[in-house]
Amino acid sequence: MSNGRYSAGGVALAFLLGSAVGAGLALLVAPKSGPETRELLKEQANVAKDEALKVADEVKEKASELLEKSKEVVEAKKSVLESALEAGKEAMEQEKERLLTKIHFEDKKQGANEA
């Protein structure tokens, strides 16, 4: 990111990838028997699974927070728009009344001039 901060998901993903690479290298260079290697792989898979679940929970929580904030923003904007619409309707009604009064006055004036 441009501000130098890292997201929790990015850090967790880097951790998972680093864990997988490290486990793979450890398996390649460590002299262990087949059962020991399988047990180590199983443990590493469990660690990776747990970390992935944590990241998924964090992402879900952040998404829920973002959704809630978005709903609040939409409600606030909706309220502003409704107020503006109502003000526009009132202004239109006042202008309509003003124009009708003006037309009525001019009709009376013209009728008086004709008489």
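Of the conditions (1) of a type in the set (A, V, I, L, M); (2) more than 30 Å from V21 (Cα to Cα); (3) in contact with a Leu (Cβ under 6 Å, 6 or more places away or on another chain), A48 clears all except one; give me its number. Against the list (1) of a type in the set (A, V, I, L, M); (2) more than 30 Å from V21 (Cα to Cα); (3) in contact with a Leu (Cβ under 6 Å, 6 or more places away or on another chain), A48 comes up short only on (2). Could you tell me whether E93 is at pLDDT 85 or above and of a type in the set (D, E)? Taking the combined requirement at face value, the residue satisfies it.
Say we look at the stretch 39-53 and pick out the residues that are surrounded by 12 or more Cβ atoms within 10 Å (Cβ to Cβ) and not β-branched (V, I, T); which of these is farthest from V11 (Cα to Cα)?
Of the stretch 39-53, the ones surrounded by 12 or more Cβ atoms within 10 Å (Cβ to Cβ) are 39-41, 44-45, 47-48, 51-52.
Cutting the leftovers down to not β-branched (V, I, T) gives us 39-41, 44-45, 48, 51-52.
Working: E39: 26, L40: 23, L41: 22, Q44: 18, A45: 18, A48: 13, E51: 11, A52: 11 Å.
Filtering first and then ranking leaves E39.
Restricting the first member to the stretch 56-85 and to residues that are without any contact (Cβ under 8 Å) to a residue 60 or more places away in the chain, and the second to residues that are surrounded by 10 or more Cβ atoms within 10 Å (Cβ to Cβ) and in a helix (DSSP H, G or I), the beta-carbon pairs closer than 6 Å and six or more apart or on different chains are E58/A8; V59/G9.
The values are calculated or read from the model by the stated rules, or taken from the named source; none is laboratory data. What you are looking at is a predicted structure, and each value in this text was computed from that prediction instead of being measured. Reconstructed Cβ throughout: ideal geometry from the backbone, glycine too, with neighbour counts over all protein chains shown.
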